[in-house]
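Here the structure is laid out as structure tokens; the discussion comes afterwards.
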Amino acid sequence: MTTAHSPALIARGLRYDYGAFEALRGIDIDVHAGELFVLLGTNGAGKTTTLDVLEGRRQPGGGSLRTLGMDPWRQRRMVTARVGIVLQESALPQELTPLEFLQLWNRLTDAAATHVPADNNLARVGLAHRRDVRIGRLSGGERRKLELATALATDPELLILDEPTSGLDPETRADTWELLRDLLRRGTSILLTTHYLEEAATLADRLAIVHRGRVAVSGTLDEVLTAHRMTTLADVFHQVSTTSPEEASR
Ligand code: ATP
């Protein structure tokens, strides 16, 4: 288990290339145990690639990384047993019901892990009333909740979510925020990406704005605003995302 003083995740100078294209050019991130950390950035900034590397789904081309004290590329199985992951997109089996799918998921995933019973898990994400409906008939928001339930199946210490509320209506987004706050109260560390400035401002203990494969600015919301002498995150975000390539590569 992580403790109040141990980091959930430390990344220094992470690099990743897609062929000749440098997608990550030295990413530095610390996620403290028990905090919610937000990665913000425009389309193509490098957020998903960063998460892929942090989760052990891609091997970094440089830099150093510890996820829950482990090297996620070399110890991927141990990392996935303790880290819950919600991808930006995933393919759920359309013919199964949420209950059948989570029961199957619990049987297929790490036998050594403690699994949350499927019914409890569905209740926690607010899908109990839809447990016996085929997944193909669920709304987009309900599928997103099921993906979250999948990530929570082993009661993870660290939850990594790629745009968990993208495309959700305001009510469903608020439900997801409440669930994330509840997980934080129970000690889970959370790292998520979003395009929504309001989401970052509302949820984040600390945040980082990623721009062209680097962290352009990071800290608490107050620190970010003070450093940029601005009063809204929207202004900081705009300033960072309109920085010229020459300035960005300095
Ligand atoms: P979005 O907010 O749109 O999801 P992002 O910040 O998550 O964007 P990434 O998906 O990490 O950004 O992509 C970073 C850069 O790497 C982009 O320029 C993207 O076009 C490029 N890229 C991503 N995946 C690949 C790939 N498989 N092959 C080549 N280039 C890729």
Item to check | Within the range 183-194, considering residues that are more than 13 Å from the chain's Cα centre (by Cα) and either touching a residue at least 24 places away in the same chain (Cβ under 8 Å) or crowded, with 21+ Cβ neighbours inside 10 Å (or both), the one farthest from the ligand (Cβ to nearest atom) | outcome: Gly187
Next on the checklist: Taking the conditions exactly as written (within 16 Å of the ligand (Cβ to nearest atom), open to solvent by 30 Å² or more (accessible area, probe 1.4 Å) and either of a type outside the set (Ser, Thr, Tyr) or closer than 28 Å to Leu221 by Cβ (or both)), does Gln75 satisfy them or not?
Outcome noted: no
Item to check | Unique residue being away from the ligand (no atom under 16 Å from the Cβ), open to solvent by 50 Å² or more (accessible area, probe 1.4 Å) and in contact (Cβ under 8 Å) with a residue 60 or more places away in the chain when the list is Asp132, Asp205, Asp222, Asp169 | outcome: Asp205
Checklist entry - Would it be correct to say that Arg143 is surrounded by fewer than 21 Cβ atoms within 10 Å (Cβ to Cβ), under 22 Å from Ala91 (Cβ atoms) and free of Cβ contacts under 8 Å to residues at least 24 places away in the same chain? => result no
Next on the checklist: Testing Glu223 on (1) closer than 20 Å to Asn121 by Cα; (2) over 19 Å from the mean Cα position of the chain (by Cα); (3) of a type in the set (Asp, Glu), one condition comes back false. Which one is that?
Outcome noted: (1)
Checklist entry - Restricted to the range 40-65, and to residues that are farther than 15 Å from Asp17 by Cα and within 6 Å of the ligand (Cβ to nearest atom), which residue is most open to solvent (accessible area, probe 1.4 Å)? => result Asn43
Item to check | Among residues of the range 30-39, those that are assigned to a strand (DSSP E or B), over 12 Å from Gly219 (Cβ atoms) and either within 15 Å of the ligand (Cβ to nearest atom) or over 13 Å from the mean Cα position of the chain (by Cα) (or both), counted | outcome: 2
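Each row is one residue, and each column tells you yes or no for (1) over 21 Å from the mean Cα position of the chain (by Cα); (2) part of a loop (DSSP other than H, G, I, E, B); (3) at pLDDT 95 or above.
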| site | (1), (2), (3) |
| --- | --- |
| Ile85 | no, no, no |
| Glu89 | no, yes, no |
| Leu92 | no, yes, no |
| Trp105 | no, no, no |
| His115 | no, yes, no |
| Leu122 | no, no, yes |
| Gly126 | no, yes, no |
| Gly141 | no, no, no |
| Pro156 | no, yes, no |
Checklist entry - Looking at the range 167-178, is at least one residue assigned to a loop (DSSP other than H, G, I, E, B) and either hydroxyl-bearing (Ser, Thr, Tyr) or modelled with pLDDT of 95 or more (or both)? => result no
Item to check | Conditions (1) assigned to a helix (DSSP H, G or I); (2) within 16 Å of the ligand (Cβ to nearest atom); (3) in contact (Cβ under 8 Å) with a residue 60 or more places away in the chain; (4) of a type in the set (A, V, I, L, M, F, W, C); number of the one not met by Ala81 | outcome: (2)
Next on the checklist: buried (at least 21 other Cβ atoms within 10 Å of the Cβ), under 30 Å from Met230 (Cα atoms) and of a type in the set (A, V, I, L, M): which single residue out of Leu161, Leu127, Leu122, Leu197 fits that description?
Outcome noted: Leu161
Checklist entry - Here is a list of conditions, (1) within 16 Å of the ligand (Cβ to nearest atom); (2) in contact (Cβ under 8 Å) with a residue 40 or more places away in the chain; (3) buried (at least 18 other Cβ atoms within 10 Å of the Cβ), and Glu22 meets all of them except one; can you say which number that is? => result (3)
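The values are calculated or read from the model by the stated rules, or taken from the named source; none is laboratory data. Note that the structure is a prediction, hence the values are computed from the model and not measured. Neighbour counts run over all protein chains shown; Cβ positions are idealised from the backbone, glycine included. When the accessible area is computed, the model is the full protein with side chains, heavy atoms only, and any ligands, DNA or RNA have been set aside. Shrake-Rupley method; radii C 1.70, N 1.55, O 1.52, S 1.80 Å.
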